[in-house]
Structure formats: C-alpha cells, structure tokens
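> Dumping the structure here so I can ask a few things about it.
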Amino acid sequence: MIALLLRDLRLATRAGGGFGLGLVFFLIVVVLVPFGVGPETEILSKIAAGILWVAALLAALLSLDRIFALDFEDGALTLIATAPIPLEAVGLAKAIAHWLTTGLALTVAAPVLGVLLQLPSGAYGFVALTLLLGTPALSMIGTFGAALTVGIRRGGLLLSLLVLPLYIPTLIFGAEAVRRGAQGLDATTPLLMLGGITAGAFAMLPFATAAVLRINLR
Amino acid sequence: MSLWEYANPKKFMGWTGPILPWAFGAAGVCLVTGLIWGFFFTPDDYRQGSTVKIIYLHVPAALMAINAWIMMLVASLIWLIRRHHVSALAAKAAAPVGITMTLIALMTGAIWGQPMWGTYWAWDPRLTSFLILFLFYLGYMALWAAIDDPDTAADLTSVLCMVGSVFALLSRYAVNFWNQGLHQGASLSLDKEENVADVFFFPLLVAIAGFVLLFFALVLLRTRTEIRSRRVRALQLREGRR
C-alpha cells in the first residue's frame, strides 16, 4: 500500500503528472472572481471564504479523472487488482495520494490567496483548518467517483456531474464553519460535522470504491 | 411458490400486462376526482386565498419524488443482492418519473411562492434539498445513459444510488443547519394531532392516491418497455453473431 502510495506521488510530481496544475487553477479562479463581482473590499471580504472553498473544490475536481484513468488505460490497474493487496486498500492509497498532491497544497495556498480576496483577519485560521479537515473527504469521494467512471470513454464531464452533488455536505459545513469563525461565533458544530464527514467517507467509501472497481474490471 | 418468482421477466410481463390498464384507470379516476374536488369544491383559505389549491399538486408530487428515490434504492439493493434483472430495470424506469415529480414539486412551489413569499426561489432548506435531489437524479440517469453494457450499468448505478442516498440524506440535514427556512413544517403526519383542515385533507388524500397509482402505472409501463428493448437487443446480438 505504501509502495503504491509512493508510486502515485512520484508519478504525480514528475513531468506530465499534473501536480501543481490544480494549484494554478485555484489561483486563476480566485483571481477571476474580483473581475466578476467588482473590486469593492466589503463585498469581497464577505464572500472570500465561500469563494476559497468553492475554488478549492473545483481544483480538487480537476485532477480526479487522473486517479484511475491512466492506470486503467495502460493496464496497470489490472495488475494492481491482481496484486496481493485488497482493492479497498488500493482505493484508500489512491485517495491519500490525491489528497497529498492536491488537498494539502490547496490548504497551504488558501490563506495566502485569502489576501487577494480581503479575507477578514479572523478567518485565516478557520480557512486553513476547515480545508485541512474537509479536503480529505473531497479526495475520498472523488476517488469513488473516479472509480465509478473509469470504464467510460470521455468520462470527465460525467465524473463532475456525479461527484459535485456528493460534495455538497462537505462544502456546506466547511464554508459555514469559516463564516461562523470569522464572525466570532461558536464554530464547533460545523467543524465536528466536517470531521465526521471526512471520517465517515474514509470508513465507508474505500469499500464502495473497491466494489465499483471490481465491476469495471470485470 | 415464492414472491421472487414474479421477478422472472416472463412472469413479470405476464402479470403486469393485465394490471396495467387498471392501474392507469385507477390513477386517472383518483387524479380527476381529487383535483376537481380540490380545485372547485373546497373553500379558499382565509389567508392564502385560492393559491392554497396548488397543494393538490405540490404535496403529492413532492411525496412521490422522495418515494421514487427510495423505491430506486430498494430496487438497487434487490439487484445487488439477488440479481433480478427486472429489479434493476425497474430502478432505471423509476428515475425519469421521479425527476419529473421533483420538477413538478419545484415548479408548483415556485408558482405558489411568488404571490405568497414574494419570490419564486429562496434558499430554504426544503427547497434546496429538493434541488439537490434533482441533481442526484440527473447524475443517476446520466450514468445509466453513459454505459453500454447493461449489467455493468445496473451494477454501477446501484452502487451510486446507495452512496447517493447517504449523501442526499446528509445534504438534507446539512442544509437544515445552513439556513433557516421559509417553508412551513410538515402538514401531513400520522403522529400529529393537528393536520390540514379536513376540507382540504380528504381531496388531498385522493390526489395523493392518484399520484401513487400514476407512479406505479408509469413505472410498470416503463419497466415493460425496458424488458422489451432488452429482448430486442438480445435478438439483435444473436442475429449479428450469425
């Protein structure tokens, strides 16, 4: 499992792996928003947390179809499936690798980009914290979606259609926690819910991922 | 003789054929009675005026939108556990009916909301969860449409339906937490003393029965169509091989 994880990390970081593309996309979305809504400081600082969350979600979505598609095309996925490691663990390793290459980077970058959006000073910590708690769930859900659509030609669009509704609870609790935290309200409940979603996703979705992978490799 | 024998496609075609006209007939009678009774023979509400009458479309459609998803979930589970093809096809057949019910509920709600709340749309928990349910239906149907092999499609959509149900439920509670609602609470519950006044209640029950029967009949009809098209496909494959 660790070998698989390291292999995925190496593939992602070397040339053509697409590491960093998600980050650049995140940056571009954040830069585009002020052009869309106007440069007024009050409006921007009000919507900054939500924009950061939505942009992070879209950036995570962007790299999902690489999780299984390339391995599926060159046959590596079949080899991995016949290797003496349960497919559940494969799904888990893939999700962790995806999180390390996108979610973690987004978490680090988000407070920096918050400056561009006039994020209120109290919200920086909350943005980083909620993204740290929430992006693993995004990766895990996305891995399930990627496994679901791996056998479909040009499944990228379908993948986003399937995965985005599944992202809704994570987004709601993440953005809500930041909003409450920024206003100085008690943000414990949404933070706990966010952590719960992540924990639940990692507890259950590897099994669903393995199940759909088996169907797709049949 | 067990219940599962009816899941044999041939038997299924056999018993649904004669039932179908009766189901459509009963649905038509209930709908016509319920709606005409509701629209023309009930008083106007003292606050909402005649707009209250949209309840006879809105409530049954919303009810069936959720029940259709639950039916798809049950059918998906039966397919995954017992591998009855009719079950998978019934789940496939229910999705377009369910999404239509969702749309009817959203539309009638918007039409009622304009005079009553002064807006067609508000980010109210109930409205939002219905919009999310609509998105889930879209994804489910898109996945069915994208996969060529029928068995793979049935398997994958079943898993999606199960995972989607969990997340749909989660979204329901998440949006509750996220925003306060304009929408009134449940007006029909079995365990409550006070429901809608009887004058509105009985025609509403008839309309609900009509929607349930209509859903039943439409799903049967669509399942029969799916079985037939599956047979055509099998015949074509056999011809092509020769």
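Since every read-out is calculated from the coordinates, none of them should be taken as a lab result. All of these numbers come straight from a predicted model, not from anything done at the bench. Neighbour counts run over all protein chains shown; Cβ positions are idealised from the backbone, glycine included.
> If one computes P(r) from the Cα atoms of chain B, what percent of pairs lie at distances over 28 Å? If you can, show how the numbers build up before the last one.
Working: 11833 of 29161 pairs.
For chain B, the share of Cα pairs beyond 28 Å comes to 41 percent.
> Hey, what's the Kirkwood Rh for region A:55-96 if you take every pair of different alpha carbons, in angstrom? Don't skip to the answer; put the middle values down first.
On the way: mean 1/r = 0.0884 Å⁻¹.
By the Kirkwood definition, the hydrodynamic radius is 11.3 Å.
> Same structure again: Please identify the DSSP H helices in chain B that span no less than 27 Å along the helix axis (Cα) and have a mean Kyte-Doolittle hydropathy of 1.6 or more. It would help to have the intermediate numbers written out before the result.
Details: long enough: B:9-40 (45 Å, 0.96); B:55-82 (39 Å, 1.71); B:85-117 (47 Å, 1.02); B:125-146 (31 Å, 1.43); B:150-178 (39 Å, 0.90); B:198-241 (64 Å, 0.76).
Membrane-span-like by this criterion, though nothing is claimed about a membrane: B:55-82.
> With no solvent and one equal point scatterer placed on each C-alpha of chain A, evaluate the Debye formula and give log10 I(q)/I(0) for q = 0.09, 0.10, 0.18 Å⁻¹, two decimals.
So the normalised log intensities are -0.36, -0.44, -1.23.
> Now, a different point. In degrees from 0 to 90, rounded to the nearest 10, what is the angle of the helix A:21-37 Cα long axis to the longest principal axis of chain A?
30 degrees
> In degrees, nearest 10, range 0 to 90: what is the angle between the Cα axis of helix A:188-216 and the longest Cα principal axis of chain A?
Tilt relative to chain A: about 20 degrees.
> Dividing the alpha-carbon Rg of the protein assembly as shown by 2.2 N^0.38 Å yields what? Provide the component values of the computation, followed by the final result.
Working: Rg = 24.8 Å, N = 460, 2.2 N^0.38 = 22.6 Å.
For the protein assembly as shown, the normalised Cα radius of gyration is 1.10.
> Could you tell me how far the Cα centroid of region A:92-151 sits from the Cα centroid of region B:1-27, in Å?
So the two Cα centres are separated by 50 Å.
> So, counting K/R as plus one and D/E as minus one, what does the shell of residues with Cβ under 14 Å around A:LEU194 add up to? Could the numbers behind the result be given before it?
Values: positive: A:ARG179, A:ARG180; negative: A:GLU176.
The answer is +1.
> For helix A:2-13, report the angle its Cα long axis makes with the longest principal axis of the Cα atoms of chain A; keep it between 0 and 90° and round to the nearest 10°.
60 degrees
> What translational diffusion coefficient, in µm²/s and rounded to a whole number, does the Stokes-Einstein relation yield for region A:1-128 at 25 °C and a viscosity of 0.890 mPa s, taking the hydrodynamic radius as the Kirkwood radius over Cα pairs? List each step's numbers first, then the result.
Values: Rh = 16.1 Å.
My calculation gives 153 µm²/s for D.
> Please give the average number of partner chain Cβ atoms lying within 10 Å of the Cβ of each residue in B:164-177, rounded to a whole number.
Working: counts 3, 0, 7, 9, 4, 1, 10, 8, 1, 3, 10, 3, 1, 7.
Average per residue, whole number: 5.
> Run through all the Cα pairs of region A:109-218 and give the fraction in each 5 Å bin from 0, expressed as whole percent.
Final binned percentages: 2, 12, 19, 18, 16, 13, 9, 6, 3, 1, 0.
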